[in-house]
Structure formats: structure tokens, C-alpha cells
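See below for the structure under consideration.
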Amino acid sequence: MLKQPRLMRSLMRAALAVAIVSTPAALTLWSTPAAAATATPDFNGVWEMKFSEYIREDGGKLPPLKPDALARYEDRVKSMEAGKQYPDSATACLPHGTPRIMYTPYPVLIVQRPNLVAFVFEVNHNTRVAYLNEKLPVDPDPTYGGYTVAHWEGPELVMETNGLNDKIQIDRAGLPQSKATRIVERLSLIDGGKRMQVKITVIDDTLYTRPWTFTVFYKKADYKIMEYVCDNNRPIFYPPAQ
């Protein structure tokens with residue numbers, strides 16, 4: 001049988017252990033591995049990317065344009081390479097549109113909140129807001145940016161956009177889009193959060209034979225976005241070649 005002092009010390013040690021494990025700090029410590037596995041990625045901050053005038057599918061192929069759309073695209077590319085590019089919404093100081101705004105040669109500030117993710121682009125002060133856990137509108141009024149909703153799939157932020165107008169194009173070279181275009185974007189952090197990957201899928205059976213995907217990469221920037229005045233950067237265009 002235990003002597004009384006030894007019994008009391010054993011009971012006190014047991015009570016102390018229960019108290020420690022029950023504290024919020026201890027609970028946090030014990031739950032750290034599970035919490036880390038399910039933590040929401042932090043996209044807050046300024047990001048920049050490497051710009052490309054020509055968008056290609058992942059793998060390097062030209063997107064699967066239908067014949068009429070392909071003919072129009074090739075005409076624009078020839079004009080562009082001859083130095084007589086057609087003006088478009090971006091060069092006319094209008095909004096770039098979605099998804100083109102996601103790969104301009106200017107930085108973007110991302111502001112992340114529990115119910116939305118906002119994108120403030122330096123170029124032409126374009127903005128986008130992705131509303132979390134909402135449904136896409138059934139019949140939205142067409143706009144340059146469209147309407148974007150989002151949800152989390154593990155560490156990926158998945159954004160879906162509809163309600164786009166037909167006054168925009170997917171890249172500077174002239175890949176087309178229409179009011180039927182839908183966009184799905186998957187954002188994820190890579191390289192320990194130093195870079196961001198955005199996989200963009202274009203869905204439009206009026207222009208393309210199937211959905212197609214391309215990927216762009218951003219890196220974290222250590223500066224702030226600046227004021228941008230579009231008229232200071234407006235190029236001079238020539239009429240298309242006849």
C-alpha cells in the first residue's frame with residue numbers, strides 16, 4: 001500500500017497533467033499537425049508575373065479553335081507581326097477582361113478575407129472580386145470582368161466566372177472569347193509560398209472544340225502597386241492591312 005505522501009504526490013501529478021492538456025495553448029500544440037494540414041493558404045500581398053503576348057495550351061499547342069475562329073485569329077496575328085495590330089479593349093484604356101487581366105506585365109495586390117478574395121491590378125486600376133461560397137448567376141448582365149465565385153478545394157482556391165461580354169480577347173494576339181465563355185481558375189501556392197500558380201481553363205463551345213487549359217506563374221513582390229494612368233501608355237495604332 002502506498003504511503004500517504006507518495007499517494008498525494010501521484011494524485012497531484014495526475015491533476016497537473018490534466019490541467020496542462022486542457023489549456024488552449026496545449027490544445028493548439030497537440031493539434032498543430034492537423035491544423036497545418038488544413039490551414040487556408042494566404043494569398044495576401046503583391047504578386048508579379050512574366051508576361052506573354054501569345055497564350056498556348058499547357059504543352060505548347062495552339063488552343064483548339066474552330067475553323068472560323070482560327071481564321072480570325074490568324075488574321076490578327078499576321079497584322080500584329082506586321083506592326084499593325086488591331087486595337088482591343090486593353091489598349092483602348094478599357095478593362096482587360098477575364099481571364100486576360102490575370103497575366104498583364106503589371107503587379108496585382110491580392111486582399112484575402114473569409115468571404116471574398118479581391119484583386120487590385122496596377123494596370124488601368126482594374127479590379128476583380130471572387131465571392132466565396134456563392135453560386136454563379138443564371139443570367140448575368142455581360143461585363144468585361146464577368147461575375148466570379150470561389151470555393152476552397154484543400155489548398156487550392158477555385159474560381160469560376162461567367163457573364164463576360166464579347167468585347168474582350170484572351171491574349172494580346174487575339175485569342176477570342178464570347179458571351180458564352182466560362183472561365184475556371186485554380187490558384188495554389190508553390191515554393192513555400194514564394195510563388196503562385198494559376199491554372200486557367202477556358203470553356204466555350206462556340207469558339208473552341210473542347211475546354212483547354214494554360215498555366216501562369218507569379219512570384220511574391222516586395223514593393224507596392226503604383227498609380228497607373230492609361231492615357232500615358234496608350235499606343236498609336238494603324239488601320240489593319242487591307
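Laboratory data are not the source of any read-out in this text; all were calculated from the coordinates shown. Keep in mind that what you see is a predicted model, and the values were worked out from it rather than measured. Here Cβ is always computed from backbone atoms with ideal geometry, including for glycine, and neighbour counts include all displayed protein chains.
The order of the peptides 178-186, 78-86, 152-160 by mean Cβ neighbours within 10 Å, most packed first, is 178-186, 152-160, 78-86. Counting only Cβ charges, +1 for Lys and Arg and -1 for Asp and Glu, the dipole size of segment 45-233 around its Cα centre is about 300 debye. Among residues other than Trp212 with Cβ under 9 Å from its Cβ, the summed charge is 0 (Lys and Arg +1, Asp and Glu -1). For segment 159-206, the Kirkwood hydrodynamic radius comes to 12.1 Å, computed from all pairs of different C-alpha atoms.
Loop only by DSSP, 14 or fewer other Cβ within 10 Å of the Cβ. Give me the chymotrypsin sites (Phe, Trp or Tyr not before Pro) in segment 53-108 that pass, ordered by residue number. Mind dumping the intermediate values first?
Numbers: sites: Tyr54, Tyr73, Tyr103; in loops: Tyr54.
Here the sparse-neighbourhood loop sites are Tyr54.
Taking the charge dipole of segment 129-242 about its Cα centre, with +1 at Lys and Arg Cβ atoms and -1 at Asp and Glu Cβ atoms, the residue from Thr209, Pro140, Leu189 reaching farthest to the positive side is Leu189. Distance between the modelled labels on Arg113 and Ala39, one decimal in nanometres: 2.3 nm (7 Å Cα→Cβ projection). Which value in nm describes the separation of the simple spin-label points at Leu132 and Cys230, placed 7 Å from the Cα toward the beta carbon? Spacing of the two 7 Å Cα→Cβ label points: 3.1 nm.
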